[in-house]
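For reference, the structure is listed below as structure tokens.
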Amino acid sequence: MMRSQWRKHRKNDPAELNITAFMNLMVILVPFLLITAVFSRLAILELNLPSSNDQPDMVPETIQLEVILRADRIEIGERNLGLMTVLPMVEETYDLFSLTEYLKRVKAKYPDKLDATILLEPDVSYEVLVQVMDAVRLFESDQDGKLIQAELFPEISIGDAPVLVRS
């Protein structure tokens, strides 16, 4: 008889939740996540992808600038008129300084032009693409002893370079 009373008494005991370990974890984890979130910084560059349904009644712009990254050179051209200049590689790296200087001259001719298209071959690395995008977007200038950044063509579209036909 004693056993049956003990079993009934044992079943009626309320279960205790021990959340001390969980609370300790939260006390440590929440400040850690908040501190590390402050140090993570994202740099986002907005790209304009060309659309296939461009409106034909729009007035065409004066120039449609294209910067083509080939494996051994950079070509700068206008979509309708063709190639404007070719910048060969210097010591096995792309000549980004000459690219910026040439684009400054183009910007001086067309000051209202804001967009450019960068076309690249499949074997061009991502790092090179980012460097060229930076060179096309802006340049640094020294004015009164201060280094300032000036805008060239900030609205960048990217795409695949046309296949080079060798004869």
Taking the criterion of being without any contact (Cβ under 8 Å) to a residue 12 or more places away in the chain and within 19 Å of I68 (Cα to Cα), would at least one residue in segment 110-125 satisfy it?
yes
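So, in segment 103-131, exactly how many residues are acidic (D, E), farther than 22 Å from T93 by Cβ and in a helix (DSSP H, G or I)?
Result for segment 103-131: 0.
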Looking only at segment 82-101, how many residues end up being part of a loop (DSSP other than H, G, I, E, B) and on the phi > 0 side of the Ramachandran plot?
2
Taking segment 132-167 on its own, how many of its residues are more than 22 Å from N80 (Cα to Cα) and in a strand (DSSP E or B)?
12
If you go through segment 103-157, how many residues are closer than 20 Å to E75 by Cβ, surrounded by fewer than 14 Cβ atoms within 10 Å (Cβ to Cβ) and β-branched (V, I, T)?
1
Residue pairs, Cβ under 8 Å, 6 or more apart or interchain, first in segment 136-157 and in contact (Cβ under 8 Å) with a residue 12 or more places away in the chain, second loosely packed, with under 13 Cβ neighbours inside 10 Å and in a strand (DSSP E or B). List them.
R137/E151; L138/Q149; L138/A150; L138/E151; F139/Q149; F139/A150; A150/E140; A150/S141
Does at least one position in segment 61-79 carry a residue that is in a helix (DSSP H, G or I), at pLDDT 65 or above and touching a Phe, Trp or Tyr at 6+ places or on another chain (Cβ under 9 Å)?
no
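Going by what's in this entry, would P88 be described as at pLDDT 90 or above and farther than 17 Å from G159 by Cα? Let's see the steps before the verdict.
Working: at pLDDT 90 or above: yes; farther than 17 Å from G159 by Cα: yes.
For P88, the condition - at pLDDT 90 or above and farther than 17 Å from G159 by Cα - is met.
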Between residues in segment 70-84 that are in contact (Cβ under 8 Å) with a residue 40 or more places away in the chain and farther than 16 Å from V136 by Cβ and residues that are acidic (D, E) and surrounded by fewer than 11 Cβ atoms within 10 Å (Cβ to Cβ), which pairs lie under 8 Å by C-beta distance while being six or more apart or on different chains?
A71/D123
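The values are calculated or read from the model by the stated rules, or taken from the named source; none is laboratory data. Predicted model, so just to flag it, every value in this text is computed and none were measured. For neighbour counting, all protein chains shown are included, and Cβ atoms are generated from backbone atoms with ideal geometry for every residue, glycine included.
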